[in-house]
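The next block holds one structure in the form of structure tokens; read it before the comments.
The values are calculated or read from the model by the stated rules, or taken from the named source; none is laboratory data. Quick caveat, the model's predicted, so the values are computed rather than measured. Neighbour counts run over all protein chains shown; Cβ positions are idealised from the backbone, glycine included. Note: areas computed on protein heavy atoms with side chains; ligands, DNA, RNA excluded. Shrake-Rupley method; radii C 1.70, N 1.55, O 1.52, S 1.80 Å.
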Amino acid sequence: MKCTAIANSNIALIKYWGKANDKLFLPTNSNISITLDGLNSHTTVEFLSGHKEDIVNIDGKNMEGEKREKVVRHLNLIRNIANSNLRAKVVSKNNFPSAAGMASSASGFAALTVAACASLGMNLDKKQLSVISRQGSGSSCRSIYGGYVEWIKGKQNEDSYALQLADENYFDIRDIIAIVEQEEKKVSSRAGMADTIKTCPLYSSRVNAAEENLIKIKKSIKEKNFSEIGKIAEFDCLLMHATMLTTLPSLIYWSPETVRIIKLVQEWREDGLESYFTIDAGPNVHILSLPENVKEIERRLKELEGVRNIMSCKIGGDSTLSDNHLF
Ligand code: PMV
């Protein structure tokens with residue numbers, strides 16, 4: 001059966017940076033994200049008899065090497081669960097340029113999981129889909145759901161899964177993304193976080209802080225307290241980057257423009273334009289704000305020379321199956 005799925009990207013408010021179990025992708029700390037509306041991967045999968053190899057086409061290019069391998073490994077996992085040995089054709093498109101420095105692995109693996117499992121006739125609930133998606137790319141398990149999503153770290157395969165804390169209509173906060181660099185990062189999240197665990201002397205302190213901040217941010221989400229959500233997200237981002245900076249060899253994902261925007265956001269806040277930043281393993285800055293401040297933040301970002309592109313997102317919904325097949 002040919003099946004197609006669409007999944008949104010997400011941005012973590014409490015980050016995942018390190019695995020307690022490399023094979024199963026169990027994170028060292030539970031983490032929380034919001035799903036991003038409009039930044040999505042659209043993926044069609046069909047398993048066919050008579051094919052010798054999986055075909056993987058992303059954004060119009062047939063994949064080879066490590067990128068293809070990651071997808072094939074994930075298809076192998078799904079084939080194992082479904083007890084199938086059929087090869088697949090996978091065609092996927094990101095509606096945001098993957099060369100724009102935006103991570104597509106979260107939305108990409110979520111869409112792949114939903115489409116491939118449906119294509120093999122597996123009737124799974126979202127929790128089960130998140131357990132499978134997690135093993136393709138950790139952060140992708142959160143993209144199975146829309147809204148505010150927690151990834152519970154768990155101790156073994158089945159109890160490390162994503163859970164929706166609140167849906168996309170619960171509390172409207174926005175993510176304004178300032179793209180400052182378009183190149184793909186030199187050190188992948190996977191390799192970077194493995195180095196951090198091995199070499200960073202601050203690592204366990206950050207994990208403890210993340211667990212405390214997770215409890216605090218859940219309370220702020222419950223109370224719809226944007227100021228607290230923003231403060232905690234910004235603090236956790238800096239704690240994660242502190243462990244990246246103190247990894248050997250050092251992981252400095254920021255560029256001069258990143259630091260400039262960090263400082264500006266803090267100045268804007270002091271002047272009454274309430275906004276907070278968070279940054280993944282890259283130089284681009286996600287600015288969290290309430291809807292009424294989006295226009296002004298966009299206006300100020302447009303004036304900055306180093307900002308190449310600006311994308312503003314509402315909180316997005318669940319991953320879904322679609323009839324809009326790509327082949
Ligand atoms: O799941 P990965 O390998 O894309 O790693 C995600 C790591 C961060 O984006 C830095 C944090 C997060 O929780 O999304």
| said: For segment 71-105, give me the residue count where each residue is in a helix (DSSP H, G or I) and at pLDDT below 95. | reply: 4
| query | Residues 11, 55: which one is within 16 Å of the ligand (Cβ to nearest atom) and modelled with pLDDT of 95 or more? | reply | 11
| Within segment 114-136, is even one residue under 25 Å from residue 17 (Cβ atoms) and not in a helix (DSSP H, G or I)? | yes
| task | Check residue 139 against each of (1) of a type in the set (S, T, N, Q); (2) in a loop (DSSP other than H, G, I, E, B); (3) under 12 Å from the mean Cα position of the chain (by Cα) and name the one condition it does not meet. | result | (2)
| request: Of all residues in segment 181-195, count the ones that are modelled with pLDDT under 90 and either in a helix (DSSP H, G or I) or on the phi > 0 side of the Ramachandran plot (or both). | output: 0
| said: Scan segment 76-93 and tell me whether some residue there is in contact (Cβ under 8 Å) with a residue 60 or more places away in the chain, open to solvent by 50 Å² or more (accessible area, probe 1.4 Å), within 30 Å of residue 310 (Cα to Cα) and within 18 Å of the chain's Cα centre (by Cα). | reply: yes
| remark: Being surrounded by fewer than 15 Cβ atoms within 10 Å (Cβ to Cβ) and more than 16 Å from the chain's Cα centre (by Cα) narrows 213, 157, 169 down to just 169
| request: Kindly indicate whether residue 221 is open to solvent by 50 Å² or more (accessible area, probe 1.4 Å), among the β-branched types (Val, Ile, Thr) and assigned to a helix (DSSP H, G or I). | output: no
| note | When every residue in segment 225-276 that is of a type in the set (Asp, Glu) and over 14 Å from residue 289 (Cβ atoms) is compared, the one surrounded by the most Cβ atoms within 10 Å (Cβ to Cβ) is 236
| Verdict on residue 143 being touching a residue at least 60 places away in the same chain (Cβ under 8 Å), of a type outside the set (Lys, Arg), within 30 Å of residue 257 (Cα to Cα) and open to solvent by 20 Å² or more (accessible area, probe 1.4 Å) | no
| task | Mind listing just one residue for me: the one in segment 9-31 that is in contact with a Lys or Arg (Cβ under 7 Å, 6 or more places away or on another chain) and crowded, with 24+ Cβ neighbours inside 10 Å and, of those, farthest from residue 136 (Cα to Cα)? | result | 31
| query | Taking the condition of a type in the set (Lys, Arg), within 14 Å of the ligand (Cβ to nearest atom) and open to solvent by 60 Å² or more (accessible area, probe 1.4 Å), does residue 190 pass? | reply | yes
| Residue satisfying condition, being of a type outside the set (Gly, Ala, Ser), surrounded by fewer than 17 Cβ atoms within 10 Å (Cβ to Cβ) and without any contact (Cβ under 8 Å) to a residue 24 or more places away in the chain, within set 299, 308 | 299
| Tabulated pairs, segment 272-290, first more than 13 Å from the ligand (Cβ to nearest atom), second among the acidic types (Asp, Glu) and in a loop (DSSP other than H, G, I, E, B), C-beta under 8 angstrom, 6+ apart or interchain | 289/274; 290/172; 290/274
| said: One residue is enough: does segment 34-50 have a residue meeting the conditions more than 13 Å from the ligand (Cβ to nearest atom), open to solvent by 20 Å² or more (accessible area, probe 1.4 Å) and not in a strand (DSSP E or B)? | reply: yes
